[in-house]
Number of protein chains: 2
Amino acid sequence: MKITLRQVEIFVAVADAGHFGRAAEALEISQPTVSQEVSRLERALGVALLDRSGRSAKLTQAGEAMATEGRQLLTHANQVVREVQLYEPSRIRTARIVASPSVVNRLLPAVISRAEQSLSSVRIEDVLVDTGGVTARLVSEHADIGLGRFLDATEGYESEVIVREQVFVAISRKHPLANAAHLELPELGDLPLLLWPREQNPAYFDYLLEICTSRGLSPLLLVSPPRIVGSRLYLLSESRAFSLVSAALIGHLPEDLIAIPLAQPATLALEMQWRSSDNRPQLTALRDLIREVASAG
Amino acid sequence: MKITLRQVEIFVAVADAGHFGRAAEALEISQPTVSQEVSRLERALGVALLDRSGRSAKLTQAGEAMATEGRQLLTHANQVVREVQLYEPSRIRTARIVASPSVVNRLLPAVISRAEQSLSSVRIEDVLVDTGGVTARLVSEHADIGLGRFLDATEGYESEVIVREQVFVAISRKHPLANAAHLELPELGDLPLLLWPREQNPAYFDYLLEICTSRGLSPLLLVSPPRIVGSRLYLLSESRAFSLVSAALIGHLPEDLIAIPLAQPATLALEMQWRSSDNRPQLTALRDLIREVASAG
DNA sequence: TAATTTTCATAGGCTAAGGCTATCTAAACT
DNA sequence: AGTTTAGATAGCCTTAGCCTATGAAAATTA
């Protein structure tokens, strides 16, 4: 059997923490996994690294050696990665992203910062913001990766749901129902639903409306002026109305709004889209990173 | 995503060979696996390592860097393993093996040489040879690992089949049937079956006999003198008789004998046994190695 | 330039490494 | 002795790393 960088990483964490449980926390994995992988490393080496007689993680002499050497090996590995990324040879060093406004606000900051940390070979150059025309921007070659809801399936383009989020009702804190644990939509009575003009993204528009009607509410509609991108919620603060928002937006609500779960839950999918033929490693890696960030919540 | 030592190893092989297919051969894996793992490495790095425009594996600048750095990283990793194995702390540096004669001859040489190469933490000290009493030697603490056929299941001891081999008829090259592609046992007529004294390993003895009777041959028995361990086959050269042997022995037959497959195939299991409580990494590692050698044929 | 060969990529399936939760055992502290 | 704490064990799930079979494209030959 052979040793793995992962096993070394885990063992080093244990050596650092002097403790399996704390090592597990530090690595954000479970304690049994740490136990298991340390044992695997020991049997791959054929050497006892820890003295299990007590209940603390005391290193044997070999363990000390492994910790020291292991740290160096991990550093070396990271060094190699950074080194190689400097030689990025492709003419296209930069990735261009189109995204709908809400996505831009919440997902992209994390993506950009993580990309700077660990993907020195990719630079995110343009970020286009477009509510309806995400797919169109891909097709017209203005962007390499599209992010949004209810994107158009198009020949030659892959699209994939990267996360599904719970739908919440956004409403003024002053509303009588503001403190409810969850909400049956009909309780809202004739409070109007704030939406953007349908043409901007008809499928999305219809889906939110469908959520209401299928739960027994045929709401009045309050349509926001076109082109007031990203500010639907601020408009909501001003008006007596409610809206439906995804879980990820909860942290970004204006002060005077509150998000309440639906009694009958519904979800909203966030999709990523790209040219099928585009398998440049820089972009594949960036797509991987976006998936990771999205599913980390 | 993170890079793996294995991915680096595979990429380095490609760089060395200048060719996916030949790299696959060198690593003894399939070509698609090489393709796949190289792509994975590229996307983990976010960098193109190879120029795929032609049909040869031309390295990009980043690829050159990865090859050089990668070779160093692999060397470093091996170095770490050797380094750590020097500090083997356990008092029991040595493993003691009991095995039946045929196993000693064919399996152990490979095990010992592989252990010296890659398990510097383990030294195989005693090799006891005992036809019948393998389990007894474990129980009496004379050995740590037992290898043989039809071992006795005993409380507190694990045992495990490590390989199943085809059974062949061993017979003189001068026998009229010596050139048959395969053999119905009754064709042997009243040629006697050479076996050791039943007491040495009754279950094994009975099993071989059962193979004959279930195929319609109730052979005469020629019983070898006790304690002539490992020489059943040489005895066979001298006498007009046949015997049943496992596939692994074919290469080790005396010149004047030949091995013929059975028309109705049968198999023979080789087992490994050890104290359940014995999980010293040195021995766990050695058991892993034995499994590997056994299944590699 | 059309056919053939060579070489890498893609598709789909299997196995085991690496992850999880739940639970057990044993050391250490009242 | 009883309780708490830490690590090991058991049983399950998901996906990396492997396979075979097949496809597509570059290079070679007819």
- Note on the structure: Exception for residue A:109 within (1) open to solvent by 10 Å² or more (accessible area, probe 1.4 Å); (2) within 12 Å of DNA strand D (Cβ to nearest atom); (3) under 29 Å from the mean Cα position of the chain (by Cα) falls at (2)
- Filtered residues of the stretch B:40-53 (kept if more than 33 Å from the chain's Cα centre (by Cα) and within 16 Å of DNA strand C (Cβ to nearest atom)): B:42, B:43, B:44, B:45, B:47, B:48, B:49, B:50, B:51, B:52, B:53
- Item | Whichever residue in the stretch A:36-61 is small (Gly, Ala, Ser) and surrounded by 15 or more Cβ atoms within 10 Å (Cβ to Cβ) and, among such residues, is nearest to residue A:78 (Cα to Cα) | A:44
- Item | Pairs where the first residue, in the stretch B:132-146, is assigned by TED's automatic domain parsing to the domain that holds residue B:206 and the second is modelled with pLDDT under 85 and open to solvent by 10 Å² or more (accessible area, probe 1.4 Å), C-beta under 8 Å, 6+ apart | none
- Among (1) surrounded by 17 or more Cβ atoms within 10 Å (Cβ to Cβ); (2) within 16 Å of DNA strand D (Cβ to nearest atom) - the single one residue B:21 does not satisfy: (1)
- Task: Scan (1) more than 10 Å from DNA strand D (Cβ to nearest atom); (2) over 25 Å from residue B:288 (Cβ atoms); (3) over 28 Å from the mean Cα position of the chain (by Cα) for the single condition residue A:56 breaks and write down its number.
- Result: (1)
- Message: Of everything in the stretch B:268-294, what is exposed (fewer than 15 other Cβ atoms within 10 Å of the Cβ) and touching an Asp or Glu at 6+ places or on another chain (Cβ under 6 Å)? Give them in sequence order.
- Response: B:276
- Note on the structure: Inside the stretch B:12-36, the number of residues satisfying the requirement of being away from DNA strand C (no atom under 11 Å from the Cβ) and over 12 Å from residue B:58 (Cα atoms) is 6
- Message: Just to be sure before I move on: is residue A:100 in the same structural domain as residue A:142 (by TED's automatic domain parsing) and open to solvent by less than 60 Å² (accessible area, probe 1.4 Å) in the structure I sent?
- Response: yes
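Could we say that residue A:102 is more than 22 Å from residue B:4 (Cβ to Cβ), hydroxyl-bearing (Ser, Thr, Tyr) and outside any helix (DSSP H, G or I) here?
Details: more than 22 Å from residue B:4 (Cβ to Cβ): yes; hydroxyl-bearing (Ser, Thr, Tyr): yes; outside any helix (DSSP H, G or I): no.
Considered against the rule, which asks whether it is more than 22 Å from residue B:4 (Cβ to Cβ), hydroxyl-bearing (Ser, Thr, Tyr) and outside any helix (DSSP H, G or I), residue A:102 comes out as no.
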- Restricting attention to the stretch A:65-78, which residues are touching a residue at least 24 places away in the same chain (Cβ under 8 Å) and either in contact with a Gly (Cβ under 8 Å, 6 or more places away or on another chain) or closer than 13 Å to residue A:11 by Cα (or both)? A:66, A:67, A:70, A:71, A:73, A:74
- Message: With the requirement that a residue be open to solvent by 40 Å² or more (accessible area, probe 1.4 Å) and touching a Pro at 6+ places or on another chain (Cβ under 9 Å), what does the stretch B:185-208 give you?
- Response: B:190, B:199
- Message: Just to be sure I understand, how many residues within the stretch B:62-75 are open to solvent by 40 Å² or more (accessible area, probe 1.4 Å) and within 31 Å of the chain's Cα centre (by Cα)?
- Response: 2
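The values are calculated or read from the model by the stated rules, or taken from the named source; none is laboratory data. These figures come from a predicted structure and were not determined experimentally. Neighbour counts run over all protein chains shown; Cβ positions are idealised from the backbone, glycine included. Please note that ligands, DNA and RNA were not included when accessible areas were found on the heavy atoms of the full protein model with its side chains. Shrake-Rupley method; radii C 1.70, N 1.55, O 1.52, S 1.80 Å.
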